[in-house]
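These notes are about the structure you will find just below.
The values are calculated or read from the model by the stated rules, or taken from the named source; none is laboratory data. Keep in mind it's a predicted model, so treat the numbers as computed, not measured. Glycine gets a Cβ as well: all are built from the backbone with ideal geometry, and neighbour counts include every protein chain shown. Only protein heavy atoms, including side chains, enter the accessible area calculation; ligands, DNA and RNA are left aside. Shrake-Rupley method; radii C 1.70, N 1.55, O 1.52, S 1.80 Å.
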Amino acid sequence: MPSGVNLTPDNNGVSRTDAASAENGPQLEALYTQWKRDPASVDAQTASFFSGFELGCQQPPKRLAAPAAAPSPAGKVSSAVSAGAVSADHGHQSRVDALVSAYRRLGHQAAKIDPLNLLKRSVPEIALEYVKLGEKDLNQEFEIWWAGELTLMPLSEIIQLLQDTYCGTVGIEYMHIENYAIRRWLRDRIEQGRLRKDTLPNAEKKRVLAHLLEGELFEKFIHTRYVGQKRFSLEGGETIIPVLDKIVEECPRHGVEQIVMGMAHRGRLNVLANILGKDYEFIFNEFGENYVPNSEQGDGDVKYHMGFDSIVTTSTGAKVGISLAPNPSHLETVCPVVEGKARAWQRQLNDTKERRQVLPVLIHGDASFAGQGVVAETLNLSQLEGYKTGGTIHLIINNQIGFTTSPGDGASSQYCTSVVKMLGSPIFHVNGDDPVAAVATIQLAFEFRQQFQRDVVVDMYCYRRHGHNEGDEPRFTQPLMYSAIEDHPPISDIYFGHLVKFGDITPDEVRAFRTTFEQRLNDALQKSKVADKAIVPTIRKPLACPALLDPVETGVPEKKLREIGLAITKEPENFELNSKIKRFLSQRRDMVEGKTPVDWSTAEALAFGSLLEGGCPVRLSGQDSRRGTFSQRHSVLYDAKTRERYKPLSHIKEGQATFCVYNSPLSEYAVLGFDYGYNLDFPDMLVLWEAQFGDFANGAQLMIDQYIVCSETKWGETSSIVLLLPHGYHGQGPEHSSARLERYLQLCAEDNIQVAFPSTPASYFHILRRQALRKIKKPLIMMTPKGLLRDPRCVSPLAELENGRFEEILPDPSAPKTAKRVILCTGKVYFDLAEHRKANKIDDTAIIRIEQLYPLHEKKLAAIVAPFAKAEKFVWCQEESQNMGAWTFLEPRLRKIFGRDFLYAGRDASASTATGSHAIHDLEQRELVNQAFSL
Ligand SMILES: Cc1ncc(C[n+]2csc(CCOP(=O)(O)OP(=O)(O)O)c2C)c(N)n1
Ligand SMILES: [Mg+2]
C-alpha cells in the first residue's frame with residue numbers, strides 16, 4: 001500500500017506515524033538533511049520518498065526557464081517551492097502561497113454544496129484582504145504548484161482556479177489526512193479538475209438522467225397510487241441513484257465482484273428497484289392491502305427493512321453481485337454487520353490480502369451518522385487486523401434534517417461527518433443538485449478506496465421533499481426550509497435543462513423515456529393487483545425446531561486428541577518462550593497425555609484443534625481474547641525477545657483449516673455486530689465472540705435484541721454465532737459477576753437460540769463441537785467460567801472428550817434412589833453444592849445439573865429426575881438474585897414438568913446484580929448453599 005515514510009512501526013509492524021505528516025515536519029527535515037549527506041543512511045522507502053520529492057521539484061514552472069532552489073519537503077509544497085523562485089515579489093508570493101493553502105484546507109466551507117442555498121458560511125482566510133493582497137495584484141503573475149506541476153499564472157486566474165476547484169459544488173476535506181502520500185494523491189487528482197470539469201461522455205450523461213428519472217418517477221408513482229403509505233421517499237435525494245449506479249458500473253474496471261451494502265429506510269425501495277433490480281411488481285405487491293410475507297418462515301418485517309441479493313449486469317455486460325443486508329429500524333446498527341459480511345465474502349473469495357474484490361458500501365442519513373456511536377465504533381474497525389475490509393464507501397443522504405431535528409440540534413460539529421476525520425480518509429461534500437459532480441466524485445472515491453484500502457465518504461447534500469414519512473407535516477417545525485423546498489425544481493429538471501443547453505439531449509428523448517418507464521410501472525402495478533387478490537392471510541404457528549435436541553456425536557478418539565494436543569503444546573523452534581508459558585504448555589501436555597485431567601481452556605483448545613484438524617475453520621474475537629482475559633487461553637505465544645507471534649492452533653497439520661483469533665477494540669456493539677455479520681455470510685466457520693466479562697455484553701444489547709434472537713423469523717437469516725460470556729459470583733462486585741443470564745432466557749421462543757451454562761470442560765468441549773458440526777444453525781449463548789478456570793474441581797478426564805456428546809442434563813449417579821431431596825442447578829454453583837454435600841457427609845440429596853437451559857430437554861430432565869420421584873423436597877438453587885438468573889424462566893416450566901412447586905434457594909431479589917463487599921458475598925454464598933440443603 002502506498003504510504004509516506006513510516007518512522008515508528010509498532011511491535012506488529014503497523015505504521016503509526018507517517019513521516020510526511022504535517023505533525024512531524026522537524027523529524028522529516030532532520031531525515032532529509034541526513035539523506036542529503038548520506039543517502040544510504042536512511043531506509044529504502046524514505047530514500048525513495050526524498051528522491052521522488054526532489055524529482056518533482058526539478059520541474060521548472062511552466063512559464064519559467066530556471067528551476068526553483070531546493071525546497072524543504074516538510075514545508076507546504078507550494079511555499080517550499082516558491083522560496084527563492086523567480087517571482088516578482090517574495091513577500092507577495094508567500095501571501096499567494098498562504099491563500100492557496102487556505103483554499104486547500106478551508107475552501108470546502110465556501111463550496112456551494114446546499115441545493116437550497118440556506119447554508120450560510122463564511123471563510124475569512126480565503127479573502128484577498130486576509131492575506132494582504134488586493135485588486136492591484138490581480139494581474140501580477142505568481143507561482144503555484146498545481147496538479148503536480150509548478151506553474152506561473154496571474155493572480156486572478158489562480159483565484160478562479162481555486163474557486164472552481166475548492167469552492168464549486170464539491171467541498172473537499174482532505175488536509176486533515178496525516179499521510180503525505182495520500183494527501184498528495186488526492187491533491188493531484190482534485191487539482192487536475194477531476195471534480196471540476198464536466199468530462200462525462202454523452203452516453204454516461206444520458207445514463208445519469210435516466211437513473212434520475214427512474215428514481216423520481218418511481219417515487220411519484222407510489223405517492224399517487226398508495227396514498228399515505230409509508231415509504232420514506234427519496235425525493236430531493238434522487239442523485240443517490242446515479243451515484244450508486246456509477247459504483248456498480250465502476251466495479252468491473254476495479255476488479256470488484258461483490259458489493260455488500262447496508263442502508264436505512266430512506267430511499268431503500270428505490271434502491272432495491274432501480275439499483276438491485278428487484279421487480280417493481282414484487283414491490284407493489286408488498287404495498288398491497290392483502291400482502292402477507294411467507295408466513296411459514298416467521299413474523300417477517302416491514303418492506304423497507306428487507307434485504308435483497310442480486311446479480312446486476314453493467315453496461316459492458318459484466319456481472320456484479322450486490323447483497324443488501326436487511327436491517328432493523330435502529331439506525332446505523334447495520335454498519336458493523338455489513339463490514340463483517342464483507343470480510344466473510346473476502347475470506348471465501350480468498351481476497352484477504354488486498355481486499356479489492358469485495359466492496360462494502362454503507363448509506364447513511366445525516367442525523368444518524370452524527371448521532372449514533374456505532375458509526376464511530378465501525379469506523380474504528382476499518383484499519384484493524386481482524387476487522388478491516390479494504391475500505392468502505394460511505395454515502396450520506398444528507399437531507400439536512402433528521403425527522404424534525406435540524407443539524408444544529410443534531411451535531412456539535414459543522415458537518416455530520418466530522419467523526420470520519422479520525423481516519424486518514426477524505427470527505428467529499430457534494431451538492432446533490434449537480435449529479436455530474438456527484439458521479440465524478442464517486443468515481444474518485446472508488447479509486448481512492450481501491451488504491452489505499454481506506455474508507456472514503458461522500459456526503460451528498462440534498463433535501464427531503466416531504467415530511468419524515470409521506471403522511472408527516474414538515475412545516476410545523478421547518479417552515480422556512482419547506483417554503484424553499486416548495487419552490488425548488490426537481491433535480492431531473494435542473495439537470496435536463498443543463499443537458500439541453502449544451503445540446504446533449506433533446507426534450508423528445510426525455511419525453512419518450514418518461515412514457516416508456518411509466519408504462520413499465522403501470523404494467524407491473526396491474527400484475528401486482530392480480531397477485532394481491534390471490535393471497536389469503538393466515539395466522540402462523542410459532543416456529544419450532546425439535547431436531548435441536550437430537551444427539552450429535554462429538555467425541556474425538558483419544559489418539560487424535562493426543563496428536564492435536566502434542567502439536568499445540570510443542571515449543572516453537574528458535575523462539576524464546578516466557579518461562580510461565582513454558583510451564584503452561586508443559587501442564588497442558590500432561591493433560592493431553594492423560595497424566596492429569598483436562599481443564600477448561602485445554603478442553604477449548606482441543607475442541608478448536610479437532611475442528612481445525614477436521615477442516616472446519618474457527619474465528620474467535622473479543623477483548624484480549626488471544627491471551628484470554630483470565631490468562632487462561634494463550635492462543636498466541638510471543639517471543640520474549642522479539643515479540644514475534646506464534647499461534648499453536650495453526651500448527652496442527654498441513655492442510656488444516658484456518659484459525660483466526662483477534663483481540664478486538666474495546667467495543668461490544670460494533671464488534672459483536674461484525675462477528676454476527678461474518679457468521680451470517682460464512683456459516684461453515686465456527687465464529688465466537690467473547691465478552692471480556694459477561695456484563696459488558698449489554699453494550700451490544702441492540703445486536704442481541706434486533707439481530708441475534710430474531711433475524712431468522714424477521715428475515716430468514718440463520719446464524720450459528722457463539723457468545724462466550726464469563727459469568728459467576730466471586731465477590732467482585734456488581735459489574736464483574738453477572739452476564740445477565742435472565743435476559744437471554746427472556747428472549748427465548750420458537751427455538752430461536754440456545755442458552756447453555758456448561759459446568760465441566762468436557763461439556764464445553766462437546767457443545768463447541770456440536771455447534772460447528774451440526775447442520776442446524778442457531779446462535780449459542782454460553783455462560784463461561786472465571787474462577788473455575790483454575791479450580792481443580794472443574795476438570796474432566798480425557799476419556800470424557802473421547803466418548804459421548806453434549807448432555808443437556810447431567811445426572812447424579814452418586815445419589816441413592818432413596819434421596820429425600822433433589823436440587824436442580826446450572827453452572828458454577830454446582831461445585832459449591834457438591835462440596836457442601838461432601839463436607840457435611842450428606843447422603844440423601846441428589847444434585848442434577850441443567851447444562852442447557854434452552855431449548856430445555858424436558859424429557860431428559862424428567863427421566864433423570866424420575867428415580868427420585870419419592871423425594872420430599874425439590875429445590876432450585878442459583879447464586880444469582882431471585883429476579884435474575886434462570887429462576888423466573890424455569891420455575892413455571894419445572895412446575896409443568898413435575899407437577900409440583902420448587903423451593904427457591906438463592907439470593908434475594910435485588911436491583912443491582914451483586915454486592916460490592918467480598919465479605920457479604922461470602923456470607924450470601926454460604927447462606928444460599930445452606931438453604932439448598934435445609935429449606
Ligand atoms: C437508533 C434509532 N433511534 C431513533 C430512531 C427513530 N428515527 C427514525 S428515522 C429518524 C431520523 C433519521 O434522520 P436521518 O438519519 O437524517 O435520516 P433521514 O430520515 O433524514 O433520511 C429517527 C430519529 C431510529 N430509527 N433509530
Ligand atoms: Mg436526514
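Side notes on the structure shown:
- Computed lengthening from D791 to I842, 0.36 nm per intervening residue step minus Cα-Cα distance: 16.1 nm
- Helical mean residue ellipticity (222 nm; -39500 (n - 2.57) per DSSP H run of 4+; nearest 500) of the chain: -12000 deg cm²/dmol
- Magnitude of the charge dipole for the chain, about its Cα centre and with charges confined to Cβ atoms of Lys, Arg (+1) and Asp, Glu (-1), is about 2040 debye.
- Rounded to the nearest 10 degrees, the angle from helix 887-898 to the longest Cα principal axis of the chain is 40 degrees.
- Relative to the Cα centre, the charge distribution of the stretch 868-932, modelled as +1 at Lys and Arg Cβ and -1 at Asp and Glu Cβ, gives a dipole magnitude of about 440 debye.
- Candidates M175, T165, V375 compared by Cα position along the dipole of the chain: farthest toward the positive end lies V375, with charges placed on Cβ.
- A Förster distance of 56 Å, applied to the separation of the beta-carbon atoms of S917 and E354, puts the FRET efficiency at 0.55.
- Evaluated at q = 0.13, 0.15, 0.17 Å⁻¹, the base-10 log of the normalised Debye intensity for the stretch 791-935, with identical point scatterers placed on the Cα atoms, takes the values -0.59, -0.79, -1.01.
- Extension gain (nm, one decimal) between N117 and K873, 0.36 nm per residue minus Cα-Cα: 264.4 nm
- Rounded to the nearest 0.05, the FRET efficiency derived from the C-beta distance between N522 and Y291 at R0 = 22 Å is 0.70.
- Relative to the dominant Cα principal axis of the chain, helix 918-934 is inclined by about 40°.
- Straightening the chain between A862 and R893 buys 10.0 nm, computed as 0.36 nm per residue apart minus the Cα-Cα spacing.
- With the simple spin-label model, which puts each label point 7 Å out from Cα in the Cβ direction, the K653 to M422 separation comes to 4.5 nm.
- For the stretch 459-464, 3J(HN,Hα) per residue [Karplus equation, 6.51 cos²θ - 1.76 cosθ + 1.60, θ = phi - 60°, Hz, x = Gly/Pro]: 9, 8, 6, 8, 8, 10
- Rounded to the nearest 20 debye, the dipole magnitude of the stretch 141-292 is 280 debye, with +1 charges on Lys and Arg beta carbons, -1 on Asp and Glu beta carbons, and the Cα centre as origin.
- The stretch 405-539 - Debye-derived log10 I(q)/I(0), Cα point model, q = 0.12, 0.15, 0.16, 0.19 Å⁻¹: -0.85, -1.08, -1.11, -1.16
- Built from the Cα atoms of the chain, the convex hull projects on average onto 45.1 nm², one quarter of its surface area.
- Here the translational diffusion coefficient of the stretch 481-621 follows from Stokes-Einstein with Rh set to the Kirkwood radius across Cα pairs; for 25 °C and 0.890 mPa s it amounts to 103 µm²/s.
- Surface share of carbon and sulfur [accessible, 1.4 angstrom probe, percent] for the chain: 52 percent
- Rg over Rh [alpha-carbon atoms, Kirkwood Rh] for the stretch 801-887: 0.96
- Here the label points at A531 and D901, each 7 Å from Cα along the C-beta direction, are separated by 5.7 nm in the simple model.
- Extreme residue, positive dipole direction of the chain, given options I397, F696, L195 (C-beta unit charges): F696
- Here the ratio of the Cα radius of gyration of the stretch 444-487 to 2.2 N^0.38 Å is 1.85.
- Computed from backbone phi, the HN-Hα couplings of the stretch 617-625 come to x, 10, 10, 10, 9, x, 5, 6, 6 Hz, rounded to whole numbers (Karplus: 6.51 cos²θ - 1.76 cosθ + 1.60, θ = phi - 60°; Gly and Pro given as x).
- Within-12-Å neighbourhood charge of T569 [Cβ basis; K, R +1; D, E -1]: +2
- The modelled label-to-label distance for the pair A318/R926, using points 7 Å beyond Cα in the direction of Cβ, is 7.4 nm.
- For the stretch 168-268, the percent of C-alpha pairs falling in each 10 Å distance bin, counted from 0 to the bin holding the largest distance, reads 12, 29, 36, 18, 5, 0.
- Label zone at A547, where the point sits 7 Å out along the Cα-to-Cβ direction: the stretch 762-776 residues whose backbone N lies under 18 Å: 770-776
- Over 19 Å apart at the Cα level, from the set K197/K501; K778/K828; K560/K595; K112/K197; K786/K841, are K778/K828; K786/K841.
- Shape category assigned to the stretch 887-934 from the gyration tensor of Cα positions, a/c cut at 1.5: oblate
- Global size of the stretch 726-822 as Cα Rg and Dmax, reported in angstrom: 15.6, 42
- Average Cα contact separation per residue, the chain, under 8 Å, 6 or more apart, as relative contact order %: 10 percent
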